[in-house]
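The values are calculated or read from the model by the stated rules, or taken from the named source; none is laboratory data. Treat the numbers as computed from the prediction; the structure is a model and nothing was measured. Neighbour counts run over all protein chains shown; Cβ positions are idealised from the backbone, glycine included.
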């Protein structure tokens, strides 16, 4: 009897670790009613800004992240930042992420008097290693960014940075219609000192790579891997500015 209980426990544990769909193994396919706390860690949205609506939920077998933010009305410079993030629970052991992402909304209003532009970013990525000092500021971050390009189009870029973004490089992948389901892939290719990314749309993949010159033998001081919506909303004295981002995530895999 005890052996049966032990076997049942092992099977249940394995069942919560990986989801199966179409004969493939996934980190999460969001088939339950709730976000799985064994796989994801939620934080307060980090914001200097004024987030109004903040949504994290499982809807229709997909993860829905949405965020709306406003700018301040006392200045015609600067922006208000807000983000809605979901962290992988085992982020220090993740070297690649694959996910389906459907950009549902990436809209902003624009203040002509403010030179600091608004932005909506739907992102996949995080910190992968430290460049050698052990200071969290020296963590090297790689992110696939799905950003607003026009009212009905999004652009996808691979962005790699350290020094909290002060040192960065990026490469564009392509543009896609808003609402099109995309499969995003991001991998740290340590052996070749580069990051590899691809976007698959309608079964057709587009792949890029971005080499780096950082030392990459030290683990990140502040390890993180996330799915996120990030907003930059302009301040404006003439009228209130808004930004809104919404994305659906599904079929999440790691280390493939």
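Do we find that residue 77 is over 30 Å from residue 33 (Cα atoms) and free of Cβ contacts under 8 Å to residues at least 40 places away in the same chain in this structure?
No; evaluated as a whole, the condition is false for this residue.
Can you find a residue in region 196-208 that is within 19 Å of residue 101 (Cβ to Cβ), touching a residue at least 12 places away in the same chain (Cβ under 8 Å), in contact with a helix residue (DSSP H, G or I) (Cβ under 8 Å, 6 or more places away or on another chain) and assigned to a strand (DSSP E or B)?
Scanning region 196-208, I find no residue that is within 19 Å of residue 101 (Cβ to Cβ), touching a residue at least 12 places away in the same chain (Cβ under 8 Å), in contact with a helix residue (DSSP H, G or I) (Cβ under 8 Å, 6 or more places away or on another chain) and assigned to a strand (DSSP E or B), so the answer is no.
Please find, within region 229-247, the residue that is nearest to residue 61 (Cα to Cα) out of those that are surrounded by fewer than 22 Cβ atoms within 10 Å (Cβ to Cβ) and within 16 Å of the chain's Cα centre (by Cα).
246
One line per residue, one yes/no per condition, for (1) under 26 Å from residue 110 (Cα atoms); (2) exposed (fewer than 13 other Cβ atoms within 10 Å of the Cβ); (3) at pLDDT 95 or above; (4) touching a strand residue (DSSP E or B) at 6+ places or on another chain (Cβ under 7 Å):
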residue: 143; (1), (2), (3), (4): yes, no, yes, yes
residue: 146; (1), (2), (3), (4): yes, no, yes, yes
residue: 149; (1), (2), (3), (4): yes, no, no, yes
residue: 157; (1), (2), (3), (4): yes, no, yes, yes
residue: 182; (1), (2), (3), (4): no, no, yes, yes
residue: 193; (1), (2), (3), (4): no, no, yes, yes
residue: 196; (1), (2), (3), (4): no, no, yes, yes
residue: 200; (1), (2), (3), (4): no, no, yes, yes
residue: 205; (1), (2), (3), (4): no, yes, yes, yes
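Residue 124: modelled with pLDDT of 95 or more, more than 26 Å from residue 219 (Cβ to Cβ) and surrounded by 23 or more Cβ atoms within 10 Å (Cβ to Cβ), yes or no?
No, not satisfied.
Output yes when any residue across region 210-218 is more than 24 Å from residue 66 (Cα to Cα), in contact with a helix residue (DSSP H, G or I) (Cβ under 8 Å, 6 or more places away or on another chain), in contact (Cβ under 8 Å) with a residue 24 or more places away in the chain and surrounded by fewer than 21 Cβ atoms within 10 Å (Cβ to Cβ), and no when none is.
Yes, some residue in region 210-218 is more than 24 Å from residue 66 (Cα to Cα), in contact with a helix residue (DSSP H, G or I) (Cβ under 8 Å, 6 or more places away or on another chain), in contact (Cβ under 8 Å) with a residue 24 or more places away in the chain and surrounded by fewer than 21 Cβ atoms within 10 Å (Cβ to Cβ).
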